[in-house]
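The values are calculated or read from the model by the stated rules, or taken from the named source; none is laboratory data. As the structure is a computational prediction, the values presented were derived from the model and not from experiment. Positions of Cβ are generated from backbone atoms using ideal geometry, with glycine treated the same way; all protein chains shown enter the neighbour counts. Note: areas computed on protein heavy atoms with side chains; ligands, DNA, RNA excluded. Shrake-Rupley method; radii C 1.70, N 1.55, O 1.52, S 1.80 Å.
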Amino acid sequence: MCKDASEGKHLDRKQDGARAENDWSGHLGRIVEAQDRAAFAELFAHFAPRVKSFLMRSGASPTLAEDCAQEVMATVWNKSHLYDPTRATVSTWIFTIARNRRIDALRKDRRPEPEDLPWGPEPEPPVADVMAMQQETEMLRVAIRALPDAQRELIEQAYFGDLSHREIAARTGLPLGTIKSRIRLALDRLRHAMK
Amino acid sequence: MTETIKHHLTDTLLTAYAAGNLPEAFNLMVATHLSLCDSCRAQAEALEAVGGCLLAECGTEAMAADALEATFARISTGTAVPARRRNACSVLPQPLRDYVGGDVSAIRWKPVGMGVRQAILPTSSAASARLLFIPAGAAVPDHGHRGVELTMVLQGAFSDEVDRFTRGDVEVADEELEHMPVADPGEDCICLAVTDAPLRFNSWIPRLVQPFLRI
Ligand SMILES: [Zn+2]
(Lines give C-alpha, C1' and ligand atoms only; values in the text may rest on other atoms or scores of the structure.)
Protein backbone atom coordinates (compact mmCIF):
# COMPACT_ATOMS: atom_id res chain seq x y z
CA MET A 1 0.00 0.00 0.00
CA CYS A 2 2.65 2.40 1.22
CA LYS A 3 4.82 1.76 -1.80
CA ASP A 4 1.91 2.25 -4.17
CA ALA A 5 1.07 5.61 -2.62
CA SER A 6 4.59 6.97 -2.95
CA GLU A 7 4.86 5.77 -6.52
CA GLY A 8 1.57 7.46 -7.25
CA LYS A 9 2.88 10.76 -5.95
CA HIS A 10 6.02 10.51 -7.98
CA LEU A 11 3.91 9.87 -11.07
CA ASP A 12 1.76 12.91 -10.32
CA ARG A 13 4.72 15.24 -10.24
CA LYS A 14 6.05 13.94 -13.52
CA GLN A 15 2.61 14.21 -15.03
CA ASP A 16 2.25 17.85 -14.03
CA GLY A 17 5.48 18.64 -15.82
CA ALA A 18 4.42 16.88 -18.99
CA ARG A 19 0.98 18.37 -18.80
CA ALA A 20 2.10 21.97 -18.65
CA GLU A 21 3.86 21.63 -21.96
CA ASN A 22 1.70 19.34 -24.04
CA ASP A 23 -1.75 18.79 -22.78
CA TRP A 24 -4.03 20.09 -25.47
CA SER A 25 -6.45 17.19 -25.22
CA GLY A 26 -8.72 19.17 -22.91
CA HIS A 27 -9.11 21.80 -25.63
CA LEU A 28 -10.27 19.15 -28.07
CA GLY A 29 -12.67 17.83 -25.44
CA ARG A 30 -14.20 21.29 -25.10
CA ILE A 31 -14.61 21.53 -28.85
CA VAL A 32 -16.36 18.15 -28.96
CA GLU A 33 -18.62 18.80 -26.01
CA ALA A 34 -19.43 22.49 -26.34
CA GLN A 35 -18.22 23.62 -29.79
CA ASP A 36 -15.99 25.92 -27.72
CA ARG A 37 -14.59 28.56 -30.08
CA ALA A 38 -12.28 30.05 -27.44
CA ALA A 39 -10.62 26.65 -26.92
CA PHE A 40 -10.23 26.35 -30.66
CA ALA A 41 -8.70 29.83 -30.90
CA GLU A 42 -6.01 28.84 -28.39
CA LEU A 43 -5.33 25.59 -30.19
CA PHE A 44 -5.15 27.52 -33.46
CA ALA A 45 -2.73 30.12 -32.09
CA HIS A 46 -0.38 27.34 -30.99
CA PHE A 47 -0.62 24.84 -33.83
CA ALA A 48 -1.49 26.74 -37.03
CA PRO A 49 1.92 28.51 -37.24
CA ARG A 50 3.67 25.17 -36.63
CA VAL A 51 1.64 23.42 -39.30
CA LYS A 52 2.41 26.25 -41.71
CA SER A 53 6.12 25.98 -40.92
CA PHE A 54 6.01 22.19 -41.36
CA LEU A 55 4.33 22.57 -44.77
CA MET A 56 6.80 25.22 -45.94
CA ARG A 57 9.70 23.04 -44.90
CA SER A 58 8.07 20.29 -46.97
CA GLY A 59 8.28 22.51 -50.04
CA ALA A 60 4.95 24.36 -50.04
CA SER A 61 4.91 28.04 -51.04
CA PRO A 62 3.84 30.46 -48.28
CA THR A 63 0.45 30.92 -49.96
CA LEU A 64 -0.19 27.19 -50.29
CA ALA A 65 1.07 26.57 -46.76
CA GLU A 66 -1.28 29.21 -45.37
CA ASP A 67 -4.23 27.73 -47.23
CA CYS A 68 -3.37 24.16 -46.20
CA ALA A 69 -2.74 25.13 -42.57
CA GLN A 70 -6.22 26.66 -42.40
CA GLU A 71 -7.64 23.52 -43.98
CA VAL A 72 -5.76 21.33 -41.48
CA MET A 73 -7.10 23.35 -38.54
CA ALA A 74 -10.66 23.18 -39.91
CA THR A 75 -10.20 19.40 -40.13
CA VAL A 76 -9.04 19.39 -36.50
CA TRP A 77 -12.42 20.84 -35.55
CA ASN A 78 -14.40 18.54 -37.84
CA LYS A 79 -12.59 15.39 -36.71
CA SER A 80 -12.24 16.31 -33.04
CA HIS A 81 -14.72 13.57 -32.01
CA LEU A 82 -12.37 10.96 -33.53
CA TYR A 83 -9.30 11.97 -31.50
CA ASP A 84 -8.21 9.28 -29.02
CA PRO A 85 -5.89 10.71 -26.32
CA THR A 86 -4.82 7.21 -25.21
CA ARG A 87 -3.23 6.59 -28.62
CA ALA A 88 -1.69 9.95 -29.56
CA THR A 89 -0.91 13.39 -28.19
CA VAL A 90 -2.62 16.30 -29.89
CA SER A 91 0.69 17.19 -31.61
CA THR A 92 0.91 13.70 -33.07
CA TRP A 93 -2.70 13.73 -34.17
CA ILE A 94 -2.37 17.14 -35.84
CA PHE A 95 0.85 15.94 -37.48
CA THR A 96 -1.09 13.09 -39.15
CA ILE A 97 -3.72 15.53 -40.46
CA ALA A 98 -1.02 17.90 -41.76
CA ARG A 99 0.90 14.99 -43.32
CA ASN A 100 -2.24 13.82 -45.09
CA ARG A 101 -3.00 17.31 -46.35
CA ARG A 102 0.58 17.56 -47.63
CA ILE A 103 0.19 14.36 -49.62
CA ASP A 104 -3.08 15.64 -51.11
CA ALA A 105 -1.70 19.08 -51.94
CA LEU A 106 1.89 18.45 -53.00
CA ARG A 107 1.73 14.95 -54.41
CA LYS A 108 -1.86 14.91 -55.62
CA ASP A 109 -1.92 11.21 -54.82
CA ARG A 110 -4.93 9.51 -53.36
CA ARG A 111 -4.09 8.53 -49.82
CA PRO A 112 -5.84 5.40 -48.60
CA GLU A 113 -6.39 5.36 -44.85
CA PRO A 114 -6.91 2.31 -42.63
CA GLU A 115 -10.46 1.78 -41.52
CA ASP A 116 -11.33 3.02 -38.06
CA LEU A 117 -11.74 0.62 -35.18
CA PRO A 118 -15.20 -0.86 -34.77
CA TRP A 119 -15.57 1.13 -31.59
CA GLY A 120 -14.64 4.81 -31.54
CA PRO A 121 -12.59 6.57 -28.84
CA GLU A 122 -13.95 5.89 -25.37
CA PRO A 123 -16.17 8.69 -24.09
CA GLU A 124 -14.10 8.85 -20.90
CA PRO A 125 -10.61 7.52 -21.56
CA PRO A 126 -8.65 6.54 -18.42
CA VAL A 127 -6.80 9.64 -17.22
CA ALA A 128 -3.70 7.64 -16.28
CA ASP A 129 -3.42 6.33 -19.85
CA VAL A 130 -3.79 9.79 -21.34
CA MET A 131 -1.08 11.08 -19.00
CA ALA A 132 1.23 8.19 -19.76
CA MET A 133 0.94 8.80 -23.49
CA GLN A 134 1.84 12.46 -22.99
CA GLN A 135 4.80 11.60 -20.78
CA GLU A 136 6.20 9.03 -23.11
CA THR A 137 5.84 11.30 -26.11
CA GLU A 138 7.68 13.96 -24.10
CA MET A 139 10.48 11.45 -23.47
CA LEU A 140 10.56 10.71 -27.18
CA ARG A 141 10.87 14.42 -27.86
CA VAL A 142 13.80 14.69 -25.48
CA ALA A 143 15.42 11.66 -27.12
CA ILE A 144 15.05 13.16 -30.61
CA ARG A 145 16.58 16.39 -29.37
CA ALA A 146 19.52 14.44 -27.95
CA LEU A 147 20.31 12.66 -31.26
CA PRO A 148 23.50 13.61 -33.08
CA ASP A 149 22.71 16.39 -35.59
CA ALA A 150 23.24 14.25 -38.67
CA GLN A 151 20.84 11.60 -37.44
CA ARG A 152 18.18 14.07 -36.41
CA GLU A 153 18.42 15.83 -39.76
CA LEU A 154 17.88 12.52 -41.54
CA ILE A 155 14.70 11.91 -39.57
CA GLU A 156 13.53 15.47 -40.20
CA GLN A 157 14.11 15.07 -43.90
CA ALA A 158 12.12 11.84 -43.95
CA TYR A 159 9.19 13.27 -42.02
CA PHE A 160 9.20 16.65 -43.71
CA GLY A 161 8.67 14.95 -47.00
CA ASP A 162 11.98 14.82 -48.76
CA LEU A 163 11.29 11.90 -51.05
CA SER A 164 14.93 11.09 -51.58
CA HIS A 165 15.03 9.96 -47.98
CA ARG A 166 12.06 7.63 -48.01
CA GLU A 167 14.28 4.71 -47.14
CA ILE A 168 14.91 5.75 -43.56
CA ALA A 169 14.38 3.11 -40.94
CA ALA A 170 13.54 4.06 -37.36
CA ARG A 171 16.41 2.14 -35.85
CA THR A 172 17.79 5.15 -34.09
CA GLY A 173 17.32 3.83 -30.57
CA LEU A 174 14.36 6.12 -30.00
CA PRO A 175 12.05 5.00 -27.17
CA LEU A 176 9.21 3.86 -29.39
CA GLY A 177 8.63 0.49 -27.75
CA THR A 178 6.74 1.85 -24.74
CA ILE A 179 4.56 4.04 -26.92
CA LYS A 180 3.80 1.09 -29.16
CA SER A 181 2.83 -1.04 -26.13
CA ARG A 182 0.51 1.69 -24.85
CA ILE A 183 -1.20 2.06 -28.20
CA ARG A 184 -1.49 -1.72 -28.42
CA LEU A 185 -3.19 -1.84 -25.01
CA ALA A 186 -5.57 0.94 -26.02
CA LEU A 187 -6.44 -0.95 -29.20
CA ASP A 188 -7.02 -4.18 -27.26
CA ARG A 189 -9.27 -2.37 -24.83
CA LEU A 190 -11.33 -0.86 -27.63
CA ARG A 191 -11.69 -4.24 -29.33
CA HIS A 192 -12.67 -5.78 -26.02
CA ALA A 193 -15.26 -3.06 -25.35
CA MET A 194 -16.89 -3.95 -28.64
CA LYS A 195 -17.42 -7.61 -27.79
CA MET B 1 -8.52 -12.46 -35.58
CA THR B 2 -5.50 -10.21 -35.72
CA GLU B 3 -3.31 -12.62 -33.70
CA THR B 4 -3.24 -15.13 -36.54
CA ILE B 5 -1.10 -12.84 -38.70
CA LYS B 6 2.49 -14.09 -38.79
CA HIS B 7 4.04 -12.07 -41.60
CA HIS B 8 4.04 -8.34 -41.00
CA LEU B 9 5.08 -5.13 -42.70
CA THR B 10 8.70 -4.01 -42.27
CA ASP B 11 9.65 -1.07 -40.04
CA THR B 12 11.08 0.70 -43.06
CA LEU B 13 7.71 0.55 -44.76
CA LEU B 14 5.82 1.62 -41.65
CA THR B 15 8.21 4.55 -41.12
CA ALA B 16 7.75 5.73 -44.69
CA TYR B 17 3.99 5.37 -44.21
CA ALA B 18 4.05 7.37 -40.96
CA ALA B 19 6.19 10.04 -42.60
CA GLY B 20 3.86 10.21 -45.60
CA ASN B 21 6.47 9.21 -48.16
CA LEU B 22 4.99 6.11 -49.77
CA PRO B 23 3.72 5.95 -53.32
CA GLU B 24 -0.04 5.45 -53.48
CA ALA B 25 0.03 1.69 -54.20
CA PHE B 26 2.22 0.97 -51.17
CA ASN B 27 0.11 3.31 -49.07
CA LEU B 28 -2.88 1.20 -50.08
CA MET B 29 -1.07 -1.97 -49.01
CA VAL B 30 -0.17 -0.50 -45.61
CA ALA B 31 -3.66 0.93 -45.00
CA THR B 32 -5.18 -2.45 -45.87
CA HIS B 33 -2.81 -4.38 -43.61
CA LEU B 34 -3.31 -1.95 -40.70
CA SER B 35 -7.05 -2.47 -41.05
CA LEU B 36 -6.43 -6.14 -40.18
CA CYS B 37 -3.37 -5.97 -37.90
CA ASP B 38 -3.30 -4.14 -34.56
CA SER B 39 0.37 -4.92 -34.02
CA CYS B 40 1.48 -3.01 -37.12
CA ARG B 41 -1.15 -0.34 -36.46
CA ALA B 42 0.38 0.30 -33.03
CA GLN B 43 3.87 0.43 -34.54
CA ALA B 44 2.72 2.85 -37.25
CA GLU B 45 1.03 5.10 -34.68
CA ALA B 46 4.19 5.04 -32.52
CA LEU B 47 6.16 6.16 -35.56
CA GLU B 48 3.61 8.92 -36.10
CA ALA B 49 4.54 10.15 -32.60
CA VAL B 50 8.00 10.95 -34.03
CA GLY B 51 6.24 13.22 -36.52
CA GLY B 52 4.27 14.78 -33.67
CA CYS B 53 7.50 15.61 -31.83
CA LEU B 54 9.05 17.10 -34.97
CA LEU B 55 5.93 19.20 -35.58
CA ALA B 56 6.11 20.51 -32.03
CA GLU B 57 9.70 21.61 -32.64
CA CYS B 58 9.73 22.67 -36.26
CA GLY B 59 9.38 26.39 -35.61
CA THR B 60 6.54 28.72 -36.52
CA GLU B 61 5.47 30.78 -39.54
CA ALA B 62 3.07 33.64 -38.89
CA MET B 63 -0.43 33.03 -40.15
CA ALA B 64 -2.36 35.70 -42.07
CA ALA B 65 -4.12 38.29 -39.92
CA ASP B 66 -7.58 36.95 -40.72
CA ALA B 67 -6.57 33.27 -40.61
CA LEU B 68 -8.61 32.29 -37.57
CA GLU B 69 -11.72 33.96 -38.92
CA ALA B 70 -11.19 32.36 -42.32
CA THR B 71 -10.80 28.97 -40.64
CA PHE B 72 -14.06 29.40 -38.71
CA ALA B 73 -15.69 30.15 -42.06
CA ARG B 74 -14.31 26.90 -43.47
CA ILE B 75 -15.57 25.04 -40.40
CA SER B 76 -19.08 26.38 -40.79
CA THR B 77 -19.26 25.15 -44.38
CA GLY B 78 -17.63 21.79 -43.61
CA THR B 79 -19.21 18.82 -41.91
CA ALA B 80 -18.10 16.49 -39.16
CA VAL B 81 -16.09 13.62 -40.59
CA PRO B 82 -17.76 10.25 -39.98
CA ALA B 83 -15.65 7.32 -38.80
CA ARG B 84 -14.83 4.67 -41.39
CA ARG B 85 -16.04 1.61 -39.54
CA ARG B 86 -15.30 -1.88 -40.66
CA ASN B 87 -17.93 -4.08 -42.18
CA ALA B 88 -17.29 -7.31 -40.28
CA CYS B 89 -18.36 -9.74 -42.99
CA SER B 90 -16.53 -8.22 -45.96
CA VAL B 91 -13.43 -9.81 -47.51
CA LEU B 92 -11.97 -6.47 -48.59
CA PRO B 93 -11.07 -3.98 -45.83
CA GLN B 94 -12.45 -0.47 -46.36
CA PRO B 95 -9.39 1.06 -48.10
CA LEU B 96 -9.65 -1.59 -50.81
CA ARG B 97 -13.42 -1.31 -51.07
CA ASP B 98 -12.89 2.38 -51.83
CA TYR B 99 -10.79 1.43 -54.87
CA VAL B 100 -12.96 -1.46 -56.05
CA GLY B 101 -16.27 0.27 -55.43
CA GLY B 102 -17.57 -2.58 -53.27
CA ASP B 103 -16.57 -5.98 -51.95
CA VAL B 104 -15.28 -8.99 -53.91
CA SER B 105 -18.36 -9.18 -56.14
CA ALA B 106 -17.53 -5.70 -57.49
CA ILE B 107 -14.00 -6.62 -58.66
CA ARG B 108 -13.65 -6.54 -62.44
CA TRP B 109 -11.34 -9.48 -63.04
CA LYS B 110 -9.33 -10.06 -66.21
CA PRO B 111 -8.12 -13.58 -66.93
CA VAL B 112 -4.35 -14.05 -67.20
CA GLY B 113 -4.43 -17.79 -67.90
CA MET B 114 -5.13 -21.13 -66.19
CA GLY B 115 -7.92 -19.69 -64.10
CA VAL B 116 -5.70 -17.02 -62.53
CA ARG B 117 -7.28 -13.59 -62.76
CA GLN B 118 -6.15 -10.08 -61.89
CA ALA B 119 -7.62 -6.62 -61.50
CA ILE B 120 -5.32 -3.62 -61.74
CA LEU B 121 -6.23 -0.87 -59.29
CA PRO B 122 -5.98 2.75 -60.38
CA THR B 123 -3.04 4.30 -58.52
CA SER B 124 -0.40 6.88 -59.36
CA SER B 125 2.30 5.53 -61.65
CA ALA B 126 5.14 5.53 -59.10
CA ALA B 127 4.07 2.01 -58.09
CA SER B 128 1.26 -0.31 -59.03
CA ALA B 129 -1.34 -2.38 -57.21
CA ARG B 130 -3.46 -5.28 -58.35
CA LEU B 131 -5.76 -7.89 -56.94
CA LEU B 132 -4.99 -11.51 -57.80
CA PHE B 133 -7.41 -14.42 -57.88
CA ILE B 134 -5.86 -17.88 -57.68
CA PRO B 135 -8.32 -20.80 -57.91
CA ALA B 136 -8.19 -23.24 -55.00
CA GLY B 137 -5.27 -25.62 -55.45
CA ALA B 138 -3.85 -23.73 -58.43
CA ALA B 139 -0.32 -22.39 -58.80
CA VAL B 140 0.80 -19.02 -59.99
CA PRO B 141 3.63 -19.76 -62.38
CA ASP B 142 7.13 -19.02 -61.21
CA HIS B 143 7.78 -15.37 -61.77
CA GLY B 144 10.67 -13.14 -60.94
CA HIS B 145 10.27 -9.61 -59.65
CA ARG B 146 11.50 -6.28 -60.73
CA GLY B 147 11.96 -4.20 -57.63
CA VAL B 148 10.07 -5.07 -54.47
CA GLU B 149 6.76 -6.87 -54.58
CA LEU B 150 4.47 -7.20 -51.55
CA THR B 151 1.66 -9.74 -51.61
CA MET B 152 -1.02 -9.84 -48.91
CA VAL B 153 -3.64 -12.56 -48.57
CA LEU B 154 -7.24 -11.38 -48.27
CA GLN B 155 -9.05 -14.68 -48.66
CA GLY B 156 -7.88 -18.30 -48.56
CA ALA B 157 -4.18 -19.04 -48.28
CA PHE B 158 -1.14 -19.80 -50.40
CA SER B 159 2.13 -21.56 -49.79
CA ASP B 160 5.48 -21.22 -51.48
CA GLU B 161 9.13 -21.99 -50.87
CA VAL B 162 9.15 -19.49 -48.00
CA ASP B 163 6.08 -20.36 -45.89
CA ARG B 164 2.30 -20.58 -45.82
CA PHE B 165 0.42 -17.25 -45.91
CA THR B 166 -3.13 -16.69 -44.66
CA ARG B 167 -5.45 -13.69 -44.38
CA GLY B 168 -3.48 -10.57 -43.40
CA ASP B 169 -0.05 -12.14 -43.98
CA VAL B 170 2.30 -10.15 -46.20
CA GLU B 171 5.04 -11.74 -48.27
CA VAL B 172 7.88 -9.40 -49.18
CA ALA B 173 9.63 -10.52 -52.35
CA ASP B 174 12.66 -8.81 -53.78
CA GLU B 175 14.38 -9.37 -57.08
CA GLU B 176 16.18 -12.44 -55.77
CA LEU B 177 13.09 -14.43 -54.83
CA GLU B 178 11.78 -16.72 -57.54
CA HIS B 179 8.78 -18.43 -56.09
CA MET B 180 5.72 -20.39 -57.12
CA PRO B 181 2.78 -19.65 -54.82
CA VAL B 182 0.19 -22.46 -54.66
CA ALA B 183 -3.30 -21.72 -53.31
CA ASP B 184 -4.66 -24.01 -50.57
CA PRO B 185 -7.02 -26.62 -51.97
CA GLY B 186 -10.01 -25.63 -49.81
CA GLU B 187 -10.74 -22.11 -51.00
CA ASP B 188 -10.01 -19.73 -53.86
CA CYS B 189 -7.23 -17.34 -52.85
CA ILE B 190 -7.50 -13.57 -53.27
CA CYS B 191 -4.44 -11.37 -52.74
CA LEU B 192 -3.43 -7.75 -53.01
CA ALA B 193 -0.05 -7.35 -54.72
CA VAL B 194 1.91 -4.12 -55.06
CA THR B 195 5.24 -3.47 -56.73
CA ASP B 196 7.45 -0.45 -57.15
CA ALA B 197 8.23 -1.44 -60.71
CA PRO B 198 5.45 0.02 -62.86
CA LEU B 199 3.47 -2.71 -64.59
CA ARG B 200 4.65 -3.01 -68.13
CA PHE B 201 1.84 -4.86 -69.76
CA ASN B 202 3.77 -5.91 -72.81
CA SER B 203 6.52 -7.56 -70.89
CA TRP B 204 4.88 -8.57 -67.65
CA ILE B 205 1.90 -10.46 -69.02
CA PRO B 206 3.81 -12.67 -71.43
CA ARG B 207 6.21 -13.41 -68.62
CA LEU B 208 3.35 -14.66 -66.50
CA VAL B 209 1.58 -16.49 -69.29
CA GLN B 210 4.51 -18.06 -71.10
CA PRO B 211 5.11 -20.93 -68.71
CA PHE B 212 1.52 -22.03 -69.19
CA LEU B 213 1.89 -22.00 -72.94
CA ARG B 214 4.84 -24.29 -72.68
CA ILE B 215 2.96 -26.87 -70.66
ZN1 LIG C 1 1.10 -6.63 -39.12
Which residues, taken from region A:126-146, are more than 11 Å from chain B (Cβ to nearest Cβ) and crowded, with 16+ Cβ neighbours inside 10 Å? A:D129, A:V130, A:M131, A:A132, A:Q135
Taking region A:50-79 and keeping residues open to solvent by 10 Å² or more (accessible area, probe 1.4 Å), assigned to a helix (DSSP H, G or I) and under 21 Å from A:H27 (Cα atoms) leaves A:R50, A:K52, A:Q70, A:E71, A:T75, A:W77, A:N78
B:A42 fails exactly one of (1) more than 9 Å from every other protein chain (Cβ to nearest Cβ); (2) within 16 Å of the ligand (Cβ to nearest atom); (3) of a type in the set (A, V, I, L, M, F, W, C); (4) open to solvent by less than 10 Å² (accessible area, probe 1.4 Å), namely (1)
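Quick grid of which residues meet (1) of a type in the set (V, I, T); (2) facing another protein chain (nearest Cβ under 7 Å):
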| residue | (1), (2) |
| --- | --- |
| A:S58 | no, no |
| A:V76 | yes, no |
| A:T92 | yes, yes |
| A:L106 | no, no |
| A:D109 | no, yes |
| A:E115 | no, yes |
| A:E124 | no, no |
Suppose we filter region B:1-19 for residues that are open to solvent by less than 10 Å² (accessible area, probe 1.4 Å) and either within 13 Å of the ligand (Cβ to nearest atom) or facing another protein chain (nearest Cβ under 7 Å) (or both); how many remain? 4
Which condition breaks for A:K108 when tested against (1) open to solvent by 30 Å² or more (accessible area, probe 1.4 Å); (2) on the phi < 0 side of the Ramachandran plot; (3) without any contact (Cβ under 8 Å) to a residue 24 or more places away in the chain? (2)
Which listed residue is away from the ligand (no atom under 16 Å from the Cβ) and out of contact with any Lys or Arg (no Cβ under 6 Å at 6 or more places or on another chain), from B:L28, B:L22, B:L36, B:L54: B:L54
Could you list all residues from region A:1-40 that are modelled with pLDDT of 50 or more and open to solvent by 50 Å² or more (accessible area, probe 1.4 Å)? A:R30, A:V32, A:E33, A:A34, A:Q35, A:R37, A:A38
When you look at A:L43, is it more than 8 Å from chain B (Cβ to nearest Cβ), in contact with a His (Cβ under 9 Å, 6 or more places away or on another chain), under 14 Å from A:I94 (Cα atoms) and open to solvent by less than 10 Å² (accessible area, probe 1.4 Å), yes or no? yes
